[in-house]
Amino acid sequence: MVPHIVEPEVFVRAPTRARSPGLVVLLLLLAAALPVRLEAQIGRLRRVVGQAAQELPNPARLLQGTPPITTSLSDARWAVDTMDAFTPGEFTPLPSLERGPNGGFLLRAGAFAMQTQSYCLKAGTHGPGGGDGYIYAPPVGPMDDHVMSIVRNSVRHPEVDQHDVQVLLWAIIARAKFDQLPARLKATAALLLSPPQLATLNRGALDLVPGPLLDQALNNMPPLVQQVFRAEAQLRQMMTTADSRFEDMERVAVLAGAAPRDEHDRALPRGRWSLHPDGYYVRYLPSGYSSTRVEIWVPEGSRAVGREYDPATHIAVPGSTYRQRLIQSGRARGDG
């Protein structure tokens, strides 16, 4: 019997293929590129995070830049303190005068008066009262041309309600974003402003700022500054809502109650005259922020004869820094 012979198992190693030099180089390049790609991804992530952070409301930005209208008591340099007891006699209705090119009135010698529609230009302050006097100052600030145009053109558009004019002015002084305003307010702006003015309405506009960020921005600021900025922030919020009521915005913008006193206040009796640079005398007797009796006296031989009294260039500034600044208009108010 022939024995079964088991042949030893032979393991044959597959022949090793020589690696291409190009493949080796490619692998090395890929390995080297991994840190670069990772760093690039980290860089992109940093940019995204940075952009997101920039899009968050910056509390410091609230206090940067110039307010749209800066007119203050320091701009009111034409008060006449020697005429407090003077009354020129019988007043002729101001609307009896011929209208000027800006919707104002061409002056002649005599005394004239008109109960006008006036407008608040300082949200978060108190309305007229307490016997405080008001004196003349011109509109000053980056948006003075817009504000004057709104008030002037409101004379040419009597169909625009006084409330709508006021809300548009609040939108400007509160630095609301025009593209976020309700359709009704945009329509009012289109009537009262030129296309170039409309195009610049977002200049200096502020985002809606959450309460904690606003608190951070206003920390350690004077009480009046805090009061004004909080009112403007509330107005911006309310103006993004189509069903916001005028009465609610008015309560935010025009504070009730007694106005606090401030070291920068100036004692001005009610009815103090101002001598306008054009040569006529003017005084303001507000019965509320939205209604002011304007009295003008033009002496015989005055250089003011023939000049235009343009109400849109008149801001009645109170002696109290906590009270409203009131821009005048050429539209008559029916309550006086």
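Things worth noting here:
- Between the beta carbons of T66 and A199, assuming R0 = 22 Å, the FRET efficiency works out to 0.65 to the nearest 0.05.
- Ordered by the count of other Cβ atoms within 10 Å of each Cβ, fewest first, L201, L73 give L73, L201.
- When T200, T82 are arranged by Cβ crowding within 10 Å, least crowded first, meaning fewest neighbours, the order is T82, T200.
- Net charge of the neighbourhood of E98, taken over other residues with C-beta under 13 Å away and scored Lys/Arg +1, Asp/Glu -1, is +2.
- Sorting 312-321, 145-154, 260-269 by their mean Cβ neighbour count within 10 Å, with the most densely packed peptide first, gives 312-321, 145-154, 260-269.
- Shown for E232, E300, E308: other C-beta atoms within 10 Å of each C-beta, ranked fewest to most, produce the order E300, E308, E232.
- Stretching T92 away from L106 to a fully extended chain increases their span by 3.7 nm, per 0.36 nm per residue minus the current alpha-carbon distance.
- Between region 266-307 and region 235-255, the Cα center-to-center distance that results, in Å: 32
Coordinate-derived values only; no laboratory data. As the structure is a computational prediction, the values presented were derived from the model and not from experiment. Note: ideal-geometry Cβ built from the backbone for every residue, glycine included; neighbour counts use all protein chains shown.
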